[in-house]
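J.: Input: one structure, supplied below.
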Amino acid sequence: MTQFTTRMKAAIVGGAMALGGLTAPAANAEGMDYETVSDLLHLVMASDRAVYTRLIVNRLQNEEGVIKASEHFMDEKALVLPAQMFRFGAEMVAEETDEFTYSLLSLWPINKQNAPTTDLEKEGLQYVVDNPGEPFYGEEELGGTTYFTAVYGDPAVAGACVSCHNDHKDTPKSDFELGDVMGGVVIRIPMDG
Amino acid sequence: MTRNRLLWILWITLTLFLAGAGLARLYIAGDRTVLTPGQTDGVHHQLEIACETCHTSSAFASQSKIRKDINKTCTTCHKDELKEADDSHPTKKFTNPRMAAYWDKVDARFCTTCHSEHEPEITQAGLVTLPGDYCVACHSEGEQDVRVNRPSHEGLTFDTCASSGCHNYHDNRALYEDFLVKHAGEPALFPDPVHPVAAIARTRARPSVDEVSVYLASLEVPAAYALDDPMQHWAASAHAAADVTCATCHAPKSETADEVEANWTQAPGEAVCATCHKGEAKTFALGRHGMGRHPEIAKPRDAKKTLKALGMKKPPEALVTAIETYLSDDPAPEAVMSTDRARVSLRPEALGKDLTCATCHAPHEQDLDFAAVGACLTCHNDDHSLAYEDSPHFKLWQDETAGLLPPGSGVTCATCHMPQTERKGVVTTNHNQNDTLFPNEKMIRPTCLNCHGLAFSIDALADPALVANNFSGQPNRHIEGIDWAVNRVNQPDEGANQ
């Protein structure tokens with residue numbers, strides 16, 4: 001798939017998500033295979049996430065020092081952390097549809113609830129660390145339903161990612177560098193209809 | 001016909017009749033009190049008779065649909081409360097299929113997993129119906145094992161997580177680790193303690209007797225209603241200061257003297273109060289005093305509609321009439337709570353009172369002392385209430401009302417149980433007096449921390465004897481949460497940066 005085609009499809013899926021309600025991806029995906037749907041969803045997620053991280057958090061906190069980002073953003077009147085923004089979006093989607101779910105996980109999670117919980121998650125997260133830029137696809141049965149599961153590497157796109165993760169008191173790994181895969185986005189689509 | 005056959009027919013007829021009558025009451029109309037499977041808990045008893053408040057599924061819905069529907073109704077009423085609490089375990093956190101392994105342990109996708117109604121024999125405080133060590137299900141293994149990075153937690157039993165004053169399942173706003181560290185080392189009592197929002201509310205210049213007389217002389221009041229005492233009281237109140245006149249409440253929307261005379265209502269209802277005091281009215285309907293007014297309580301069933309819902313497209317009028325005649329109307333929960341129906345310890349002489357705005361607020365006076373203390377103590381008869389007038393908090397209130405301490409220094413029943421908030425200069429009193437009552441750590445941020453340090457607040461609230469004597473003395477318990485949190489941050493080898 002060319003970069004242009006991928007971007008166009010991502011724009012269609014993203015637009016449908018924004019304007020047409022969250023059941024739209026499945027409708028647009030009719031005829032597409034799970035991998036393509038998942039790739040497009042991830043493209044939207046990763047783009048939004050990178051924009052927020054670079055243009056909001058990294059710029060305002062690390063470069064201009066205007067405001068800090070904090071996991072206790074309410075108490076400290078701070079910016080929401082990029083990982084929290086991603087999770088809040090995922091939870092909002094989950095309240096609207098069960099056509100797909102997504103999460104941001106890591107083999108080195110600061111928040112332990114973001115550690116892998118299934119064997120396939122562990123395998124996929126390790127794969128994207130070992131093979132930067134390559135997604136991982138698989139199938140797994142959870143709660144009686146078979147899911148298509150895709151894992152995409154989540155690299156450190158800005159200095160803010162590295163400095164926060166390396167310095168956090170709960171981090172299990174403190175030698176991340178810019179560009180390192182720090183975790184992965186896991187997307188699941190139920191395959192049982 | 002043999003005698004046996006006759007008896008069989010009689011037995012079958014009676015059985016069908018009784019079953020039909022029961023099912024008709026259950027699914028169509030009529031009082032279902034006798035069919036209630038078990039007493040409901042807490043405030044739910046006030047709306048217990050309106051079954052459809054929680055049971056919204058159709059009669060033939062599947063078990064899984066019924067469970068989903070019931071759980072939706074929990075958040076219909078408790079959504080704002082959980083959002084305000086920054087819920088540590090929102091159900092949405094567990095719906096992702098990656099949490100499937102946990103569904104078999106404690107299925108946290110559903111409120112009813114932990115809060116099962118109609119089971120008084122296993123119901124604990126907070127309507128919890130799981131054994132007290134429920135945290136063990138998820139936090140004793142793998143990445144979620146709380147003991148892995150916290151040596152301080154080794155040897156602790158899981159029945160103490162939520163019962164010791166350290167953690168709550170939903171609301172940990174005053175208990176999360178970074179908050180504990182931030183507030184470590186605070187004194188038990190801050191210098192010159194004052195509740196800042198209460199100070200705003202209580203700082204109001206009171207008019208002199210002469211000013212009241214001049215003001216009253218300038219008003220037009222129908223002669224028949226120009227009573228001296230109420231008007232004197234009212235003229236000195238905040239209502240008068242805000243130009244809320246006699247007609248504003250007694251004859252709303254009346255502009256001329258004739259209209260006031262014609263529309264005069266001697267005893268205006270709560271709706272008149274709620275016209276201006278929207279926040280107070282809304283929160284009043286969320287607490288035990290005013291729950292009967294909650295907008296989400298189901299209305300009584302309509303026989304015709306329930307028959308249609310059961311699949312009868314055009315129910316015969318004769319059938320509807322017969323049902324309405326023989327099953328009687330669906331009873332509705334009483335909109336006004338009465339002390340007779342209370343399930344807490346009340347003074348015998350308080351029985352028979354209805355709880356409306358005027359129960360605690362004298363209509364013309366703005367008697368803070370009665371609304372904030374006297375009204376509560378008129379009814380409540382538990383140890384904590386009875387000990388209040390001997391407590392240091394009450395002494396502060398006496399000193400404030402005597403002018404010896406600045407506004408906001410006194411601690412009344414309302415200070416703690418009906419905390420005030422300020423937004424854009426407007427002070428609102430939370431009239432849901434249960435909002436911060438359980439677990440009592442919910443009270444720490446809106447109330448305690450204005451005057452006391454976090455460690456003292458946690459210790460005090462975790463000491464049942466101190467709570468019972470209304471905080472007359474020092475805590476006899478020490479909760480080590482802050483010590484452990486500080487130790488963990490200061491000594492990375494103990495857990496942080498592992």
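J.: Sorted from fewest to most neighbouring beta carbons within 10 Å, what does the list B:Lys68, B:Lys442, B:Lys304 look like?
T.: So the residues, fewest neighbours to most, are B:Lys68, B:Lys304, B:Lys442.
J.: Just to check I understand the Karplus step: with θ = phi - 60° and J = 6.51 cos²θ - 1.76 cosθ + 1.60, what whole-Hz values come out for the stretch B:291-299, glycine and proline as x?
T.: 4, x, 8, 4, x, 8, 5, 5, 6
J.: Here is the link list: B:Lys65/B:Lys92; A:Lys169/B:Lys182; A:Lys173/B:Lys182. Which ones come out longer than 21 Å on Cα distance?
T.: A:Lys173/B:Lys182
J.: Right, here's the next one. Can you name the helices of chain B, as whole DSSP H runs, whose Cα span along the helix axis is 18 Å or more and whose Kyte-Doolittle mean is not below 0.5?
T.: B:3-27
J.: Please list, or write none, the lysines whose alpha carbon is within less than 22 Å of the alpha carbon of B:Lys353, excluding same-chain residues fewer than 8 places away.
T.: Once the sequence-local lysines are set aside, what remains near B:Lys353 is B:Lys282.
J.: Here is a follow-up. Please list, by residue number, every one of the GluC sites (Glu not before Pro) in the stretch B:199-270 that is coil in DSSP and has at most 12 other beta-carbon atoms within 10 Å.
T.: B:Glu220, B:Glu255
J.: Return the loop-located GluC sites (Glu not before Pro) in the stretch B:320-411 (DSSP other than H, G, I, E, B) with at most 15 other Cβ atoms within 10 Å of their own Cβ; answer none if there are none.
T.: Of the GluC sites (Glu not before Pro), the ones in loops of the stretch B:320-411 whose Cβ has at most 15 other Cβ atoms within 10 Å are B:Glu334.
J.: Right, something else. Under 1.5 on a/c is rounded, so check that first for chain B, then, if it is not, pick prolate when a/b is larger than b/c and oblate when it is not; a ≥ b ≥ c are the square roots of the alpha carbon gyration tensor eigenvalues.
T.: Oblate is the answer for chain B, as a/c is 1.5 or above yet b/c matches or exceeds a/b.
J.: Still on this structure, please answer the following. Rounded to the nearest 500 deg cm²/dmol, what is the calculated helix-only ellipticity per residue at 222 nm for chain B, with -39500 (n - 2.57) per DSSP H run of length n ≥ 4?
T.: -10000 deg cm²/dmol
J.: Let me ask you something else. When the expected Rg is taken as 2.2 N^0.38 Å, what fraction or multiple of it is the alpha-carbon Rg of the stretch B:1-123?
T.: Scaled against compact globular proteins, the figure is 1.48.
J.: Amide H neighbours of A:Glu140 under 5 Å, at least 5 residues apart or on other chains, H built in the peptide plane: list them.
T.: The list, which skips near neighbours in sequence, is A:Tyr147, A:Thr149.
J.: Using unit Cβ charges (K, R positive; D, E negative) and no other charged atoms, how large, in debye to the nearest 20, is the dipole of chain B about its Cα centre?
T.: Dipole about the Cα centre, nearest 20: 2520 debye.
J.: Then there is this: Dipole magnitude of the protein assembly as shown about its Cα centre, charges +1 at Lys/Arg Cβ and -1 at Asp/Glu Cβ only, in debye to the nearest 20?
T.: Once rounded to the nearest 20, the dipole reads 1780 debye.
J.: Taking the Cβ of B:Glu84 as the centre, find all other residues whose Cβ is under 15 Å away and add up their charges (Lys, Arg: +1; Asp, Glu: -1).
T.: For residues surrounding B:Glu84, the net value is -1.
J.: Is the shape of the stretch A:3-190 best called rounded, prolate or oblate, per the rule: a/c under 1.5 gives rounded, else a/b larger than b/c gives prolate, else oblate, with a ≥ b ≥ c the square roots of the Cα gyration tensor eigenvalues?
T.: Because a/c hits 1.5 or more and a/b exceeds b/c, the stretch A:3-190 counts as prolate.
J.: Further question on the same structure: In nm, to one decimal, how far is the modelled label at B:Asp107 from the one at A:Ser174, with both set 7 Å along Cα→Cβ?
T.: The two pseudo-label positions are separated by 4.4 nm.
J.: Could you derive backbone 3J(HN,Hα) for the stretch B:345-360 from the dihedral phi with the Karplus parameters 6.51, -1.76 and 1.60 (θ = phi - 60°), listing whole Hz in sequence and x where the residue is Gly or Pro?
T.: 6, 10, 5, x, 6, 8, 5, x, 8, 8, 9, 10, 4, 6, 5, 9
J.: Right, another one. Distance cut-off 26 Å, Cα to Cα: go down the list B:Lys395/B:Lys424; A:Lys122/B:Lys105; B:Lys79/B:Lys304 and report the pairs above it.
T.: In this structure, B:Lys395/B:Lys424; B:Lys79/B:Lys304 exceed 26 Å between Cα atoms.
J.: While we're here: When a/c reaches 1.5 or more, the comparison of a/b and b/c decides; with that in mind, is the protein assembly as shown rounded, prolate or oblate per its Cα gyration tensor?
T.: It is oblate, given that a/c is not under 1.5 and a/b is not larger than b/c.
J.: Answer with one residue from A:Val51, B:Ala201, B:Asn4: the one whose Cα lies farthest towards the positive end of the charge dipole of the protein assembly as shown, charges on Cβ with Lys, Arg +1 and Asp, Glu -1.
T.: Farthest towards the positive end: B:Asn4.
No value in this document is a laboratory result; all are computed from the given coordinates. Only a predicted model underlies this, so the values are computations on that prediction, with no experimental measurement involved. Cβ atoms come from the backbone with ideal geometry, glycine included; neighbour counts cover every protein chain shown.
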